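Colleague: Below is the structure I would like to discuss, written out as structure tokens.
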Amino acid sequence: MKIAMVGSGYVGLVSGACFADFGYRVVCVDADAAKIRSLERGQTSIYEPGLDQLVASNVAAGRLSFTTNLGEAASNADIVFIAVGTPSRRGDGHADLRHVFSVAAEVAAQISDYKVIAVKSTVPVGTGDKVEEIVRHSKPPSLFSVVSNPEFLREGAAIEDFKRPDRVVVGVPDDRSRAVMEALYRPLSLNRAPVLFTDRRSSEIIKYATNAFLATKITFINEVADLCERAGADVQQVARGIGLDGRIGPKFLNSGPGYGGSCFPKDISALIKTGNDFETPMRIAETVSLVNEERKRAMGRKVIKACGGSVKNRTIALLGLAFKPNTDDMREAPSIAIIQVLKDAGANVRAYDPKAMENAQNLIDDIKYASSVEACLDGADAMVLVTEWDMFRALDIGEIKRRLKQPIVVDLRNVYRPDEMEAAGMTYVSIGRESIGANGA
């Protein structure tokens, strides 16, 4: 089976490399000639654990290649995936579908035999119908089928998610395209991954509803954490008690500074806009979005409170900038809002992240970027743990105290234990738990 993956960004590159690793012939297409040249040299533009090696091995095996020639790739493929970006449209939050529709028109011009056109980009309900309409304008229905095949890849664990998914969702309009997609995903049958076939519109909604629900769980436990702090409870114990309920489950119940990234914020905005378009307001999603944005700013104020109410002319050391570990993605990262609050309050911010600093420098100025954890902490008035990279999980508490000017640690991921911090003589503030030290009380 031959695959054309149109769009060589995060989703397209990961999906294309994984399909190639299954043994398919995959051509990844992108309009960015510089990106294609870099990929041909084995240089990926994104950080994802294991991706460089996966790409290199499949290029070497002749199963994976790259091109800017969409027409040639599409004409030779059995399945053409549309995996281009759908960023939030300015003004109303709707997904910008210009690239999706442009690719659909280009693919239509190349069709001479039957193709499955699979939309893997995250798109609002009804987009598949519009893609079908675009293609049908120049080609008869007998030559193509448009299916919906949304991705559910977590940044930092995308390869594992693709190869061992909870489920694969495919929205199909006919039996012919269903048979093709069944054959495509047959390699996953060894892992007993369920392939859920639905109608196309249901598939499109599943993607948005999934992300909105997960974002709601995150936001809910963050509000519960605030209650725990005021009531003298421990949110980690509360979350465990909630998560042991089989109807709820333990995932996405870790309290923190709020969600970010490339998916949740824009997908919730698009869901809200879609609900309004269909005159069915998404009130819960609207509230989740508002609460999450305020959450990020509140974390900045939490740091100021831990420092005694003022950070003017004080140096605050931030560990972690990416929105989550194992990625360099800075899109909608909580660190951005936290840093802005601290800067507005007169703080000097110093930051370190093992992968995201290059991207951060394009978004955040007027702060210092450290070359190491030690350089970030040296002489700072407080340490703030923002992103729970593994390398931050077991730092020597005594060493932290020696390097800081003030023994203040604000742990926004609940990585450390309050009793150990208290024994070390630290002022320790975490999320939804008892604070140690007068400033954090």
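The values are calculated or read from the model by the stated rules, or taken from the named source; none is laboratory data. These figures come from a predicted structure and were not determined experimentally. Don't worry about glycine lacking a Cβ; one is built from the backbone with ideal geometry, like all the others, and counts go over all protein chains shown.
Colleague: Which residue is surrounded by the most Cβ atoms within 10 Å (Cβ to Cβ), if the candidates are limited to segment 37-55 and must be at pLDDT below 95 and hydrophobic (A, V, I, L, M, F, W, C)?
Modeller: LEU39
Colleague: Whether any residue in segment 226-235 is closer than 23 Å to VAL11 by Cα and in a helix (DSSP H, G or I) is what I want to check. Working first, answer last.
Modeller: As a first pass, look at segment 226-235 and keep what is closer than 23 Å to VAL11 by Cα: none.
No: zero hits.
Colleague: Output the number of residues of segment 32-72 satisfying the condition of being aliphatic (A, V, I, L, M), more than 30 Å from PRO325 (Cβ to Cβ) and touching a strand residue (DSSP E or B) at 6+ places or on another chain (Cβ under 9 Å).
Modeller: Kept after step one, since they are aliphatic (A, V, I, L, M), are these residues of segment 32-72: 33-34, 36, 39, 46, 51, 54-56, 59-61, 64, 70.
Okay, now just the ones that are also more than 30 Å from PRO325 (Cβ to Cβ), so 33, 61, 70.
Subsequent filtering for residues that are touching a strand residue (DSSP E or B) at 6+ places or on another chain (Cβ under 9 Å) retains 70.
The total comes to 1.
Colleague: Another question about this same structure. Is segment 236-250 home to any residue that is in a loop (DSSP other than H, G, I, E, B), at positive phi and surrounded by 15 or more Cβ atoms within 10 Å (Cβ to Cβ)? Steps first, answer last, please.
Modeller: Initial filter on segment 236-250 (in a loop (DSSP other than H, G, I, E, B)): 244-250.
Keeping just the survivors that are at positive phi gives 249.
With surrounded by 15 or more Cβ atoms within 10 Å (Cβ to Cβ) added as a condition, the list becomes none.
So far as segment 236-250 goes, no, none of its residues is in a loop (DSSP other than H, G, I, E, B), at positive phi and surrounded by 15 or more Cβ atoms within 10 Å (Cβ to Cβ).
Colleague: Also, I was wondering about something else. Exactly one condition in (1) buried (at least 22 other Cβ atoms within 10 Å of the Cβ); (2) part of a loop (DSSP other than H, G, I, E, B) is false for SER145; which is it?
Modeller: (2)
Colleague: Looking for whichever is touching a residue at least 12 places away in the same chain (Cβ under 8 Å), on the phi < 0 side of the Ramachandran plot, of a type in the set (S, T, N, Q) and touching a Lys or Arg at 6+ places or on another chain (Cβ under 9 Å) here; the options are SER138, SER121, SER142, SER88. Which one fits? Let's see the steps before the verdict.
Modeller: Details: SER138 fails: touching a Lys or Arg at 6+ places or on another chain (Cβ under 9 Å); SER121 fails: touching a Lys or Arg at 6+ places or on another chain (Cβ under 9 Å); SER142 fails: touching a Lys or Arg at 6+ places or on another chain (Cβ under 9 Å).
Every option except SER88 fails the conditions.
Colleague: Then there's this: Within the set of pairs 6+ apart or on separate chains, which have a first residue in segment 62-81 that is under 18 Å from SER38 (Cα atoms), a second that is aromatic (Phe, Trp, Tyr), and C-beta atoms under 8 Å apart?
Modeller: ARG63/TYR24
Colleague: Restricting to segment 288-315, and then to whatever is polar (S, T, N, Q) and in contact with a helix residue (DSSP H, G or I) (Cβ under 8 Å, 6 or more places away or on another chain), can you tell me which residue is surrounded by the fewest Cβ atoms within 10 Å (Cβ to Cβ)? First the steps, then the outcome.
Modeller: Initially, segment 288-315 is screened for residues polar (S, T, N, Q), giving 289, 292, 310, 313, 315.
So of that shortlist, the ones also in contact with a helix residue (DSSP H, G or I) (Cβ under 8 Å, 6 or more places away or on another chain) come out as 289, 292, 310.
On the way: SER289: 22, ASN292: 23, SER310: 12.
Per the criteria, the residue is SER310.
Colleague: While we're looking at this one, here's another question. Could you say whether any residue in segment 346-363 is at positive phi and not polar (S, T, N, Q)? So that I can check it myself, show each step before the final result.
Modeller: We begin by selecting, within segment 346-363, every residue at positive phi; these are 346.
Add one more test, that the residue is not polar (S, T, N, Q), and what stays is 346.
Yes.
Colleague: For segment 172-191, check the following and say yes or no: at least one residue is surrounded by fewer than 17 Cβ atoms within 10 Å (Cβ to Cβ), touching a helix residue (DSSP H, G or I) at 6+ places or on another chain (Cβ under 8 Å) and assigned by TED's automatic domain parsing to the domain that holds GLY93.
Modeller: yes
Colleague: Just to be sure, is SER289 under 18 Å from ILE218 (Cα atoms) and touching an Asp or Glu at 6+ places or on another chain (Cβ under 8 Å)? If you could, list the steps in order and put the result at the bottom.
Modeller: Numbers: under 18 Å from ILE218 (Cα atoms): yes; touching an Asp or Glu at 6+ places or on another chain (Cβ under 8 Å): no.
Answer is no for this residue.
Colleague: When segment 22-47 is examined, which residues are found to be more than 18 Å from GLY71 (Cβ to Cβ), of a type outside the set (Ser, Thr, Tyr) and touching a helix residue (DSSP H, G or I) at 6+ places or on another chain (Cβ under 6 Å)?
Modeller: So the first thing to find is which residues in segment 22-47 are more than 18 Å from GLY71 (Cβ to Cβ), and the list is 22-24, 34-35, 37-47.
Subset that is of a type outside the set (Ser, Thr, Tyr): 22-23, 34-35, 37, 39-43, 46.
Selection gives PHE22, GLY42, ILE46.
Colleague: Restricting to segment 81-120, what's the tally of residues that are of a type outside the set (Phe, Trp, Tyr), surrounded by 18 or more Cβ atoms within 10 Å (Cβ to Cβ) and closer than 14 Å to ALA4 by Cα?
Modeller: Looking only at that region, the number is 15.
Colleague: Looking for something touching an Asp or Glu at 6+ places or on another chain (Cβ under 9 Å), buried (at least 19 other Cβ atoms within 10 Å of the Cβ), at pLDDT 95 or above and of a type in the set (Val, Ile, Thr) - is there at least one such residue anywhere in segment 127-138? Write out each step before concluding.
Modeller: Keep residues of segment 127-138 that are touching an Asp or Glu at 6+ places or on another chain (Cβ under 9 Å), which gives 127-128.
Narrowing the set further to residues that are buried (at least 19 other Cβ atoms within 10 Å of the Cβ) leaves 127-128.
If we keep only those that are at pLDDT 95 or above too, we end up with 127-128.
With of a type in the set (Val, Ile, Thr) added as a condition, the list becomes 127.
The answer is yes, given that some residue of segment 127-138 is touching an Asp or Glu at 6+ places or on another chain (Cβ under 9 Å), buried (at least 19 other Cβ atoms within 10 Å of the Cβ), at pLDDT 95 or above and of a type in the set (Val, Ile, Thr).
Colleague: Provide a single number: the residues in segment 211-232 that are surrounded by fewer than 16 Cβ atoms within 10 Å (Cβ to Cβ) and among the basic types (Lys, Arg).
Modeller: 1
Colleague: Among the residues of segment 87-102, which ones are at pLDDT 95 or above and in contact with a helix residue (DSSP H, G or I) (Cβ under 7 Å, 6 or more places away or on another chain)? Outline the logic, then answer.
Modeller: Taking segment 87-102 and keeping what is at pLDDT 95 or above, we get 97-102.
Matches in segment 87-102: LEU97, VAL100, PHE101.
Colleague: Pull out all pairs, ordered by first then second residue, where Cβ-Cβ is under 7 Å, the residues are six or more apart or on different chains, the first lies in segment 160-189 and is assigned to a helix (DSSP H, G or I), and the second is among the basic types (Lys, Arg).
Modeller: ASP161/ARG154
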